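Enquirer: A single structure is presented below for examination.
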Amino acid sequence: MGISLKEVSFSYNPKRKGTVYALHNINLEITDKDEFIAIIGETGSGKSTLASIFNALKIPTSGEAYVSGIKIKKIRKRRENYNNIRKHVGLVFQMSDYQLFENTVIDDVMFAPLNFSKTKEEAREIAKHSLELVHIDESFYEKSPFLLSGGEKKLVSIAGILAMEPDILIFDEPTAGIDPSTKKKLLKLFKEFNEVHHKSIIIITHDMNIVNSYAKRVILMKKGRIALDSTPYELFKENSDIVKDSNIDLPDTYTLIDFIEEKTGIKIDKHLKNLDEIAEVLTYES
Amino acid sequence: MKIVFDNVKFKYEEGNREILKGISFTIGTGEWVSIIGHNGSGKSTLAKLLIGLLSPIEGAIYLDDIEVKEENLYDIRKHIGIVFQNPDNQFVSTSVEDDIAFGLENISTPRDEMIIKVNDAIKAVSMEDYRYEMPSNLSGGQKQRVAIAGILAINPDIYILDEATSMLDPKGREDFIKIVKTLKEAGKTIIMITHDMDEALLTDRCIVLKEGEIVRDGKTIDVLNDYDLLKSSRLEMPSALYLYHQLKKKNYGNKEVLNALWELALKK
């Protein structure tokens with residue numbers, strides 16, 4: 001089922017004359033299994049607006065958006081809501097660790113399933129499972145979320161979203177302001193969600209090393225439009241003009257490979273995903 | 001202006017863990033220093049202590065012979081400017097121009113002088129087109145530029161940049177580094193608190209914090225080339241040095257490639 005956008009446009013103020021559209025005519029298909037997508041682009045290019053349509057936080061001004069077969073439109077009756085969509089698509093905000101509010105870790109993670117009318121026992125089981133997925137063990141259950149480290153808070157907040165049991169997980173700038181080792185842990189976790197649990201991962205990021213090493217597909221936003229929807233390799237290798245125009249970095253591997261070639265004439269395959277692979281190939285070939 | 005930390009300890013409340021466990025170092029005039037460390041290592045606390053937002057529970061901090069404490073804050077803040085990671089915390093006015101002027105008003109700058117200083121600062125961060133804009137309407141990167149301009153206008157001796165580039169795009173970061181280099185040439189003391197190892201690599205000296213203690217204080221290139229130290233401090237090497245290190249470990253012999261990587265690492 002997944003997410004399907006047909007000619008979706010969005011404006012914050014559609015009735016005003018000459019209004020600026022945050023999204024223009026977006027056509028997009030995302031499946032709810034095995035995708036690992038990076039959404040990139042300059043500040044103000046529409047990345048976050050796009051993600052909030054996926055999760056029905058915003059309603060298209062025109063065009064049609066379907067999430068798991070449900071059309072996203074204005075809610076007219078009081079009994080209607082988007083809980084069903086949020087069960088399929090979980091959105092983790094950039095400052096998600098500020099959203100913790102219960103007295104204990106386990107209560108915080110149980111909040112969503114309880115809200116989706118699970119019994120207390122069911123909710124606890126789901127919460128335990130979600131915390132297991134982020135490798136937070138039982139010794140944390142009764143701790144106050146406010147006394148955890150920044151990285152642990154982030155993990156608990158992710159478990160809170162996992163407790164809704166979504167097929168698609170969206171992370172908005174999950175690694176901004178996070179130290180290298182915590183960052184690595186998070187990314188390993190996303191990879192696990194994707195490869196072991198077959199969830200689709202959508203990550204909004206400025207970090208091109210993450211795009212290069214983890215994403216299978218990259219969507220480049222520019223002034224509210226999709227400028228490119230391709231593999232990271234195609235973006236960085238074949239479209240260096242696009243990279244420059246869009247004010248994004250090249251991944252470190254590309255910079256290093258270019259520099260080595262410039263200095264030594266040795267050519268290295270740019271499909272390589274990280275520095276370890278480059279080291280491997282260089283040693284193997286010598 | 002010399003900064004001295006003399007056995008500084010800090011914790012938020014009685015009974016809580018110590019965030020800084022007795023830190024000592026001296027930073028001389030005109031030094032360009034990076035402070036790196038994992039989340040919760042005490043980096044930002046250190047910056048807040050230095051500008052007097054927090055007070056040590058033990059030990060003392062000096063700028064030359066002025067002790068950093070409440071009664072000296074007016075003096076201290078003329079000498080130190082800080083740019084935080086999240087610039088939203090630092091805006092007070094309804095236009096970019098007023099915001100940059102705010103710090104100058106605080107230190108009673110005459111009006112004619114103020115106009116010139118504000119203009120120069122706006123120009124230095126390329127925000128001329130936005131001078132009458134509300135800071136809250138700007139993008140994250142633009143806000144960061146305005147925050148920097150506010151400090152440039154005051155022209156302090158010491159600049160503390162706390163994860164100041166984390167919200168900037170590549171072009172913004174490049175401009176920012178250019179500004180920092182000009183400041184360095186003008187003899188300013190610059191302290192960069194950062195998670196970005198390539199950014200740390202630009203500095204001359206690097207202090208590594210781990211769980212509230214200094215585990216290393218040395219020449220940046222030596223510090224960032226120490227794989228074991230960085231690993232145990234939950235940090236990582238800059239990419240060129242990491243690849244260099246991995247190749248060495250595998251007894252890779254092509255000197256040309258190794259030299260190229262070293263050259264790239266040293267390129268500032």
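Enquirer: Filter the range B:217-238 down to residues that are within 12 Å of chain A (Cβ to nearest Cβ) and surrounded by fewer than 21 Cβ atoms within 10 Å (Cβ to Cβ), then give me how many there are.
Expert: Result for the range B:217-238: 4.
Enquirer: Can you give me the number of residues within the range A:137-184 that are among the acidic types (Asp, Glu), at pLDDT 85 or above and more than 14 Å from the chain's Cα centre (by Cα)?
Expert: Number of matching residues: 4.
Enquirer: Residue check, A:Gly265 against (1) surrounded by fewer than 19 Cβ atoms within 10 Å (Cβ to Cβ); (2) of a type outside the set (S, T, N, Q); (3) at the interface with another protein chain (Cβ under 9 Å from one of its Cβ atoms); (4) closer than 19 Å to B:Glu174 by Cα, all met but one. Which one?
Expert: Answer for A:Gly265: the failing condition is (4).
Enquirer: Which condition number in (1) within 12 Å of chain B (Cβ to nearest Cβ); (2) within 22 Å of A:Asn25 (Cβ to Cβ) is the one that A:Arg217 fails?
Expert: Going through the list (1) within 12 Å of chain B (Cβ to nearest Cβ); (2) within 22 Å of A:Asn25 (Cβ to Cβ), A:Arg217 breaks only (1).
Enquirer: How many residues does the range B:157-199 contain that are within 11 Å of chain A (Cβ to nearest Cβ), outside any loop (DSSP other than H, G, I, E, B) and surrounded by 19 or more Cβ atoms within 10 Å (Cβ to Cβ)?
Expert: 4
Enquirer: Tell me which residues, restricted to the range A:275-286, are closer than 18 Å to B:His245 by Cβ and surrounded by fewer than 18 Cβ atoms within 10 Å (Cβ to Cβ).
Expert: Hits for the range A:275-286 are A:Asp276, A:Glu277, A:Glu280, A:Val281, A:Thr283, A:Tyr284, A:Ser286.
Enquirer: Give the range A:91-126 a look and list any residue that's assigned to a helix (DSSP H, G or I), in contact with a Lys or Arg (Cβ under 8 Å, 6 or more places away or on another chain) and under 26 Å from A:Ala176 (Cα atoms), or say none.
Expert: Across the range A:91-126, the qualifying residues are A:Ser96, A:Asp97, A:Val105, A:Ile106.
Enquirer: Only one residue in B:Ile100, B:Ile66, B:Ile36 is away from every other protein chain (no Cβ under 14 Å), aliphatic (A, V, I, L, M) and either closer than 28 Å to B:Ala200 by Cα or touching a Lys or Arg at 6+ places or on another chain (Cβ under 8 Å) (or both). Which one?
Expert: Working: B:Ile66 fails: either closer than 28 Å to B:Ala200 by Cα or touching a Lys or Arg at 6+ places or on another chain (Cβ under 8 Å) (or both); B:Ile36 fails: away from every other protein chain (no Cβ under 14 Å).
Exactly one of B:Ile100, B:Ile66, B:Ile36 is away from every other protein chain (no Cβ under 14 Å), aliphatic (A, V, I, L, M) and either closer than 28 Å to B:Ala200 by Cα or touching a Lys or Arg at 6+ places or on another chain (Cβ under 8 Å) (or both), namely B:Ile100.
Enquirer: Looking only at the range B:117-133, filter to residues that are hydroxyl-bearing (Ser, Thr, Tyr) and part of a loop (DSSP other than H, G, I, E, B); which one of those is surrounded by the fewest Cβ atoms within 10 Å (Cβ to Cβ)?
Expert: Step one: list which residues in the range B:117-133 are hydroxyl-bearing (Ser, Thr, Tyr), which gives B:126, B:130, B:132.
So of that shortlist, the ones also part of a loop (DSSP other than H, G, I, E, B) come out as B:126, B:132.
Working: B:Ser126: 14, B:Tyr132: 10.
Of everything passing the filter in the range B:117-133, B:Tyr132 is surrounded by the fewest Cβ atoms within 10 Å (Cβ to Cβ).
Enquirer: Identify, by number, the condition in (1) part of a loop (DSSP other than H, G, I, E, B); (2) more than 14 Å from chain A (Cβ to nearest Cβ); (3) of a type in the set (Val, Ile, Thr) that B:Ile214 doesn't meet.
Expert: Failing condition for B:Ile214: (1).
Enquirer: If you don't mind, there's one more thing I want to ask. Condition first: more than 26 Å from B:Pro156 (Cβ to Cβ) and in contact (Cβ under 8 Å) with a residue 60 or more places away in the chain. Can you find one or more residues in the range B:185-193 that meet it?
Expert: Within the range B:185-193, none of the residues are more than 26 Å from B:Pro156 (Cβ to Cβ) and in contact (Cβ under 8 Å) with a residue 60 or more places away in the chain.
Enquirer: Give the residues of the range B:11-27 that are modelled with pLDDT of 95 or more and of a type in the set (A, V, I, L, M, F, W, C), sorted by residue number.
Expert: Scanning the range B:11-27 gives B:Leu20, B:Ile23, B:Phe25, B:Ile27.
Enquirer: While we're on this one: Residues that are at pLDDT below 90, part of a loop (DSSP other than H, G, I, E, B) and touching a helix residue (DSSP H, G or I) at 6+ places or on another chain (Cβ under 9 Å): does the range B:28-36 have at least one?
Expert: no
Enquirer: Is it true that B:Ser41 is within 14 Å of chain A (Cβ to nearest Cβ), under 21 Å from the mean Cα position of the chain (by Cα) and not in a strand (DSSP E or B)?
Expert: yes
Enquirer: Next question. Can you tell me how many residues in the range B:77-115 are touching a strand residue (DSSP E or B) at 6+ places or on another chain (Cβ under 6 Å) and of a type in the set (A, V, I, L, M, F, W, C)?
Expert: Summing the residues that are touching a strand residue (DSSP E or B) at 6+ places or on another chain (Cβ under 6 Å) and of a type in the set (A, V, I, L, M, F, W, C) in the range B:77-115 gives 4.
Enquirer: I'd like the full set of residues that are free of Cβ contacts under 8 Å to residues at least 60 places away in the same chain, assigned to a helix (DSSP H, G or I) and within 14 Å of chain A (Cβ to nearest Cβ), limited to the range B:134-145.
Expert: Within the range B:134-145, B:Asn137, B:Gly140, B:Gly141, B:Gln142, B:Lys143, B:Arg145 meet the criteria.
Enquirer: Which one of A:Asp207, A:Asp249, A:Asp245 is buried (at least 16 other Cβ atoms within 10 Å of the Cβ), within 14 Å of another protein chain (Cβ to nearest Cβ) and over 17 Å from the mean Cα position of the chain (by Cα)?
Expert: A:Asp249
Enquirer: Something else about it: Checking A:Ser130 against (1) among the small types (Gly, Ala, Ser); (2) within 14 Å of another protein chain (Cβ to nearest Cβ); (3) under 23 Å from A:Ser181 (Cα atoms), only one condition comes out false. Which one?
Expert: (2)
Enquirer: Further question: So which residues in the range A:154-165 are surrounded by fewer than 22 Cβ atoms within 10 Å (Cβ to Cβ) and either at the interface with chain B (Cβ under 10 Å from one of its Cβ atoms) or touching a strand residue (DSSP E or B) at 6+ places or on another chain (Cβ under 6 Å) (or both), if there are any at all?
Expert: Within the range A:154-165, just A:Met164 meets the criteria.
The values are calculated or read from the model by the stated rules, or taken from the named source; none is laboratory data. Owing to the predicted nature of the structure, the values given are computational and were not obtained by experimental measurement. Every residue, glycine as well, gets a Cβ built from its backbone with ideal geometry; the counts of neighbours run over all protein chains shown.
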